[in-house]
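*Asks:* This is the structure, below, for whatever I ask next.
The values are calculated or read from the model by the stated rules, or taken from the named source; none is laboratory data. All figures in this text were calculated on a predicted structure; none of them were measured in a lab. Positions of Cβ are backbone-derived with ideal geometry, glycine not excepted, and every protein chain shown enters the neighbour counts.
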4 protein chains.
Amino acid sequence: MTDNLIEKLTAMFIRFPGIGPRQARRFVYHLLRDNPENVRRLAETISQLRVHTGQCRQCYRYFTGNNQTICNLCSDQSRDKHSLMIVEKDADLETIRKTDVYAGLFFVLGGLIPVLEKKPGQRIRLTELKAGLKKLKPQEVIIALAVSDSGDATAEYLRSELAELARDLNFKISLLGRGLSTGTELEYSDYRTLDDALKNRH
Amino acid sequence: MTDNLIEKLTAMFIRFPGIGPRQARRFVYHLLRDNPENVRRLAETISQLRVHTGQCRQCYRYFTGNNQTICNLCSDQSRDKHSLMIVEKDADLETIRKTDVYAGLFFVLGGLIPVLEKKPGQRIRLTELKAGLKKLKPQEVIIALAVSDSGDATAEYLRSELAELARDLNFKISLLGRGLSTGTELEYSDYRTLDDALKNRH
Amino acid sequence: MTDNLIEKLTAMFIRFPGIGPRQARRFVYHLLRDNPENVRRLAETISQLRVHTGQCRQCYRYFTGNNQTICNLCSDQSRDKHSLMIVEKDADLETIRKTDVYAGLFFVLGGLIPVLEKKPGQRIRLTELKAGLKKLKPQEVIIALAVSDSGDATAEYLRSELAELARDLNFKISLLGRGLSTGTELEYSDYRTLDDALKNRH
Amino acid sequence: MTDNLIEKLTAMFIRFPGIGPRQARRFVYHLLRDNPENVRRLAETISQLRVHTGQCRQCYRYFTGNNQTICNLCSDQSRDKHSLMIVEKDADLETIRKTDVYAGLFFVLGGLIPVLEKKPGQRIRLTELKAGLKKLKPQEVIIALAVSDSGDATAEYLRSELAELARDLNFKISLLGRGLSTGTELEYSDYRTLDDALKNRH
């Protein structure tokens, strides 16, 4: 006899980020009422996802490609090869790419280093980053991480770990500017934002 | 060449109830990082869902069964055959079933009738309900719908449509009681809840 | 020299229910920018509030009256003297009064009894309630408390404490009805609400 | 006969910023239950507020002082007279002052200019600002306004209106720096914040 597929699939959806039991179950009912062809294509796409999607060997973001090892962003000749922006995760890269404020290359670090972490190098792709820098030889490395304790700890760690390489390869290390961001109201700002905004006044 | 599966799958997840573009994308990244075996089983379970899951021919809820036409609830001999509770949807049935307050049979109406709907009979499983009642011959039919305008419109419509059958088959039609529910604070109650609570005082 | 009145008044507003330091300060700026006549009348009204407002000696709600001891609700000859509704606080009474579902008299209990309270009688106006019942001799006492643990504990305590008096004076004790309230969706209902709704079906 | 002071005072509290009818009424019940001495002092403080609090003739913030025309901040000899920070309102000034990131003088503009406003000069204290600048002769004027359309419109208007005076008196006009602020996550950042952060990288 077949298991209870409704319960089984609900349990699988509960593992999705941000999904509780009720919404998971609603997903299953959605699939039961949806066009069968849609459901068939969903199953197929999920089963193909890992076959045709891999991590780019240069920037480490996920991309779909047939036997390609380098993603379309890294192989795009129109992008500025002199600049490499280090981001925490794919979603950050996508947001920055969509805003079109930046025309250079990216590197996905794969995480942030918690404050007081004893083995920081194992939390992020440091070895891969260093290898990439030696190959790419950019003029500038831009650290683009969240403004948080672990974002700051990671930026500091990167600055220190990349210092020697920066001297050898002659690239500059910069951090995204800090200050007031869109929607900031001064009344509700904290010490650090105000301090940054004042120091970076222009 | 293969399509961009990340974008394609994100678009599919956006169609899930309550899911926006960002969370849809996060689902895809979750699948890219998850254990491959988990992802394989998810795809397989989704592809099997519609094969092995159907609507019960008696209560119309979804259930998993091999070539069965009647669900395990309807065929459970320990449940009280004299009582039939009419609910809007599967999720309502599940909640009521889990609380164990009710031991009779169910019927899933499949929707509510919006106020001023011109063809109310096409919104709900009225024909199927009538056929079921003739077959089951219960002693009581309990209308268990949401306390809302469309819930009330549907209850009223059902009462009127089932009146003749209730006389012929000699069953009683009742509605779930109304009044204060768990967590109700009197200060924030509305006219109708207070009026119901006062009329149903005991 | 004068104290800093802005700080002083901010501190006073922080003591208002639900008000934090920022909103308290905003209140002060509001008063500094408002029409001076409005501010003068606010100060005057606050200073007169306790002089002209007292608790009704019969129902214990706050009311404004010159040397009156009984409020206008209790002395309103058009209200039904046969029924007394027991509520927790003034705000509950006001909500019920405004909905016009009830035409009888009220009694403000002044609190609820926490579960496991050792001296329950000191939390509520039990002595005053008993004295009032002896004087009013109603035919029905309606307990109208929140659906919560302390609401239930209080209702149970009242039932037990008033039992003898109910026999002697021949009045009925009833509780507001329970079940589905406005806006209730069955999917999100809890055991107790569903159990009540099923028992009180009609 | 006396008015209903509970209703009257509730109506007065409804005029407070962010306060609805229910919370306003709760304020009144709070005052009815509070220590009478507290209520007396609240009324007295409110009645004295406008008598002893005025706007500083130099920075235009509200302050408490006996017949003083200049506030304690403006007359504090330890503050840096070479720098003047222009803020929208008192609450902004207070937040910045408390963080202690800035040691110079302030000027409260009294508002922001909506985009497309035809008479921008009437929305803010421009005349007073110019007079103050002539008297103070600072070396730097820091525009510290919200990052919003009206904040930007106001900053632009100030830059243009103060340009001549800046040349004559030889002061620099600067804006608070923009970029990532505390808590910013790159994934959720908008074009402008990312663009500012990239331009202001260091």
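*Asks:* Sort through B:Val141, B:Val147, B:Val115 and tell me the only one that's touching a strand residue (DSSP E or B) at 6+ places or on another chain (Cβ under 6 Å) and modelled with pLDDT under 95.
*Replies:* B:Val147
*Asks:* Look at D:Lys98 and say whether it is without any contact (Cβ under 8 Å) to a residue 24 or more places away in the chain and more than 27 Å from C:His30 (Cβ to Cβ).
*Replies:* On the way: without any contact (Cβ under 8 Å) to a residue 24 or more places away in the chain: yes; more than 27 Å from C:His30 (Cβ to Cβ): no.
In short, no.
*Asks:* Mind checking which residues of the range B:39-66 are assigned to a loop (DSSP other than H, G, I, E, B) and closer than 23 Å to B:Leu109 by Cα? Explain how you work it out, then say what you get.
*Replies:* From the range B:39-66, those assigned to a loop (DSSP other than H, G, I, E, B) are B:56-61, B:65-66; that's our starting set.
The answer is B:Cys56, B:Arg57, B:Gln58, B:Cys59, B:Tyr60, B:Arg61, B:Gly65.
*Asks:* Something else about it: Using the structure shown, decide if C:Lys8 is facing another protein chain (nearest Cβ under 10 Å) and of a type in the set (Lys, Arg). Walk me through how you get there before you give the answer.
*Replies:* Details: facing another protein chain (nearest Cβ under 10 Å): yes; of a type in the set (Lys, Arg): yes.
So C:Lys8 fits the description; yes.
*Asks:* Oh, and also: Could you list, in sequence order, the residues of the range C:40-64 that are more than 20 Å from D:Arg26 (Cα to Cα) and either among the acidic types (Asp, Glu) or within 12 Å of another protein chain (Cβ to nearest Cβ) (or both)? Reasoning before the result, please.
*Replies:* Pass one, the range C:40-64, residues more than 20 Å from D:Arg26 (Cα to Cα): C:40, C:57-58.
Across the range C:40-64, the qualifying residue is only C:Arg40.
*Asks:* Would the range C:138-149 turn up any residue that is in contact with a His (Cβ under 9 Å, 6 or more places away or on another chain) and of a type in the set (D, E, K, R)? Quick ask: steps written out before the conclusion?
*Replies:* If we filter the range C:138-149 for residues that are in contact with a His (Cβ under 9 Å, 6 or more places away or on another chain), which is where we start, we get C:138-140.
This time we only want the ones that are of a type in the set (D, E, K, R), so: C:140.
Scanning the range C:138-149, I find at least one residue that is in contact with a His (Cβ under 9 Å, 6 or more places away or on another chain) and of a type in the set (D, E, K, R), so the answer is yes.
*Asks:* If a residue must be polar (S, T, N, Q) and within 15 Å of A:Thr182 (Cβ to Cβ), how many such residues does the range D:144-202 contain?
*Replies:* Step one: list which residues in the range D:144-202 are polar (S, T, N, Q), which gives D:148, D:150, D:154, D:160, D:170, D:174, D:181-182, D:184, D:189, D:193, D:200.
Keeping just the survivors that are within 15 Å of A:Thr182 (Cβ to Cβ) gives D:148, D:150, D:181-182, D:184, D:189, D:193, D:200.
Number of matching residues: 8.
*Asks:* Suppose we keep only residues that are outside any helix (DSSP H, G or I) and under 16 Å from the mean Cα position of the chain (by Cα) within the range D:142-172. Which one would you say is nearest to D:Ile96 (Cα to Cα)?
*Replies:* Quick first cut of the range D:142-172, residues outside any helix (DSSP H, G or I) only: D:142-148, D:170-172.
Filter once more, so that each one left must be under 16 Å from the mean Cα position of the chain (by Cα): D:142-148.
On the way: D:Ile142: 13, D:Ile143: 13, D:Ala144: 10, D:Leu145: 12, D:Ala146: 13, D:Val147: 16, D:Ser148: 18 Å.
Checking each candidate, the answer is D:Ala144.
*Asks:* For B:Pro138, indicate whether it is surrounded by 19 or more Cβ atoms within 10 Å (Cβ to Cβ) and at negative phi. Give the derivation first.
*Replies:* Values: surrounded by 19 or more Cβ atoms within 10 Å (Cβ to Cβ): yes; at negative phi: yes.
Considered against the rule, which asks whether it is surrounded by 19 or more Cβ atoms within 10 Å (Cβ to Cβ) and at negative phi, B:Pro138 comes out as yes.
*Asks:* Does C:Asp196 count as crowded, with 16+ Cβ neighbours inside 10 Å, under 30 Å from B:Ala144 (Cβ atoms) and more than 10 Å from every other protein chain (Cβ to nearest Cβ)? Working first, answer last.
*Replies:* Details: crowded, with 16+ Cβ neighbours inside 10 Å: yes; under 30 Å from B:Ala144 (Cβ atoms): yes; more than 10 Å from every other protein chain (Cβ to nearest Cβ): no.
Spelling it out, it is not the case that C:Asp196 is crowded, with 16+ Cβ neighbours inside 10 Å, under 30 Å from B:Ala144 (Cβ atoms) and more than 10 Å from every other protein chain (Cβ to nearest Cβ).
*Asks:* Same structure, new question: Mind listing whichever residues of the range C:173-189 are within 7 Å of chain B (Cβ to nearest Cβ) and not in a loop (DSSP other than H, G, I, E, B)? Steps first, please.
*Replies:* Filtering the range C:173-189 for residues within 7 Å of chain B (Cβ to nearest Cβ) gives C:174-187, C:189.
Correct list: C:Ser174, C:Leu175, C:Arg178, C:Leu180, C:Leu186, C:Glu187.
*Asks:* Mind listing whichever residues of the range B:11-34 are under 17 Å from A:Val39 (Cβ atoms) and either of a type in the set (Ser, Thr, Tyr) or surrounded by fewer than 16 Cβ atoms within 10 Å (Cβ to Cβ) (or both)?
*Replies:* As a first pass, look at the range B:11-34 and keep what is under 17 Å from A:Val39 (Cβ atoms): B:11-17, B:19, B:24, B:27, B:31.
B:Ala11, B:Ile14, B:Arg15, B:Pro17 - these are the residues of the range B:11-34 that are under 17 Å from A:Val39 (Cβ atoms) and either of a type in the set (Ser, Thr, Tyr) or surrounded by fewer than 16 Cβ atoms within 10 Å (Cβ to Cβ) (or both).
*Asks:* Here's something else I'd like to know. Restricting attention to the range C:84-102, and to residues there that are assigned to a helix (DSSP H, G or I), at the interface with chain B (Cβ under 7 Å from one of its Cβ atoms) and not β-branched (Val, Ile, Thr), which single residue is surrounded by the most Cβ atoms within 10 Å (Cβ to Cβ)?
*Replies:* So in the range C:84-102, the residues assigned to a helix (DSSP H, G or I) come out as C:90-99.
Then drop every residue that is not at the interface with chain B (Cβ under 7 Å from one of its Cβ atoms), which leaves C:91-92, C:95-96, C:99.
Then keep just the ones that are not β-branched (Val, Ile, Thr); that gives C:91-92.
Details: C:Ala91: 18, C:Asp92: 24.
Checked the range C:84-102; the qualifying residue surrounded by the most Cβ atoms within 10 Å (Cβ to Cβ) is C:Asp92.
*Asks:* Checking B:Asp168 against (1) out of contact with any Phe, Trp or Tyr (no Cβ under 9 Å at 6 or more places or on another chain); (2) surrounded by fewer than 19 Cβ atoms within 10 Å (Cβ to Cβ); (3) touching a residue at least 60 places away in the same chain (Cβ under 8 Å), which test does it fail?
*Replies:* The one condition B:Asp168 does not meet is (3).
*Asks:* Are there any pairs, at least 6 apart or on different chains, whose C-beta atoms fall under 7 Å, with the first in the range B:18-33 and charged (D, E, K, R) and the second surrounded by fewer than 20 Cβ atoms within 10 Å (Cβ to Cβ) and not in a helix (DSSP H, G or I), and if so, which?
*Replies:* Short answer, once both residue conditions are applied: B:Arg26/A:Pro17.
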